[in-house]
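Here is the structure we will look at, set down as structure tokens.
The values are calculated or read from the model by the stated rules, or taken from the named source; none is laboratory data. Note that this is a predicted model, so its numbers are computed, not measured. Here Cβ is always computed from backbone atoms with ideal geometry, including for glycine, and neighbour counts include all displayed protein chains.
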Amino acid sequence: MSERETIRLVAWSRELRLVHERLRAALGLTRSSLADGAPEETATRELLLYCRGFCTALDGHHRGEDRTLFPAIAAAHPELGPVLRSLEQDHSMIAHLLEGLRVATERGAPRPELDRHLEGIAAVMENHFRYEERRLLTVLETLELDAGTSEVLGPL
């Protein structure tokens, strides 16, 4: 394997870490839109704006993993089937939580309710990211995958 090929392979683990960091930062901005002391109506409008971007990015990331990354990992490492199924279940749970946030935001729910939605998403998302990184980063360093980054990890 050439050095260039090795760099391309290792890049998948780095890219996953970078995507997770961007999503963590986006969630932080989303949460700060509620905490900045703005009037309730302004905070809700800002949250809706941040939520649309964050929710779309997180959902796109998970869809890319489910559609492209996880099947490639399963083909190369069938022993990781239970790990991948667990991560896919997390994706489904997170999608449900994001939908709850979207609905609450669109109906203008009060700050404490919106904050509970964000807190739940943050907890599940962080737990999911840490588990995914612990279980998959080493695999990603050797995974041969011929696809674009946005196809595999979402449009970030």
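Can you say whether residue 144 is part of a helix (DSSP H, G or I), more than 19 Å from the chain's Cα centre (by Cα), of a type in the set (D, E, K, R) and over 19 Å from residue 18 (Cβ atoms), as far as the supplied structure shows?
Working: part of a helix (DSSP H, G or I): no; more than 19 Å from the chain's Cα centre (by Cα): yes; of a type in the set (D, E, K, R): yes; over 19 Å from residue 18 (Cβ atoms): yes.
In short, no.
The number of residues in region 93-114 being part of a helix (DSSP H, G or I), touching a helix residue (DSSP H, G or I) at 6+ places or on another chain (Cβ under 9 Å) and either crowded, with 19+ Cβ neighbours inside 10 Å or modelled with pLDDT under 90 (or both) comes to 10.
Before we move on, is residue 79 over 16 Å from the mean Cα position of the chain (by Cα), modelled with pLDDT of 90 or more, among the charged types (D, E, K, R) and part of a helix (DSSP H, G or I)? Considered against the rule, which asks whether it is over 16 Å from the mean Cα position of the chain (by Cα), modelled with pLDDT of 90 or more, among the charged types (D, E, K, R) and part of a helix (DSSP H, G or I), residue 79 comes out as yes.
If the condition is being of a type in the set (A, V, I, L, M), farther than 11 Å from residue 91 by Cα and at pLDDT 85 or above, then region 44-75 contributes 57, 69, 72, 73, 74, 75. Select from region 2-16 the residues that are of a type outside the set (S, T, N, Q) and either surrounded by fewer than 14 Cβ atoms within 10 Å (Cβ to Cβ) or at positive phi (or both) and write down the one among them that is modelled with the highest pLDDT. Going through the qualifying residues, I end up with 14. Hey, can you tell me all the residues within region 116-134 that are small (Gly, Ala, Ser) and either touching a helix residue (DSSP H, G or I) at 6+ places or on another chain (Cβ under 6 Å) or within 17 Å of residue 59 (Cβ to Cβ) (or both)? Hits for region 116-134 are 120, 122. For region 58-66, check the following and say yes or no: at least one residue is more than 16 Å from residue 23 (Cβ to Cβ), in a helix (DSSP H, G or I) and under 19 Å from the mean Cα position of the chain (by Cα). Checked against the condition, which is being more than 16 Å from residue 23 (Cβ to Cβ), in a helix (DSSP H, G or I) and under 19 Å from the mean Cα position of the chain (by Cα), region 58-66 yields no hits at all. Does residue 130 satisfy the criteria of being at pLDDT 95 or above and assigned to a helix (DSSP H, G or I)? Yes. Only one residue in 77, 96, 91 is free of Cβ contacts under 8 Å to residues at least 24 places away in the same chain and over 18 Å from residue 25 (Cβ atoms), so which one is that? The conditions single out 96.
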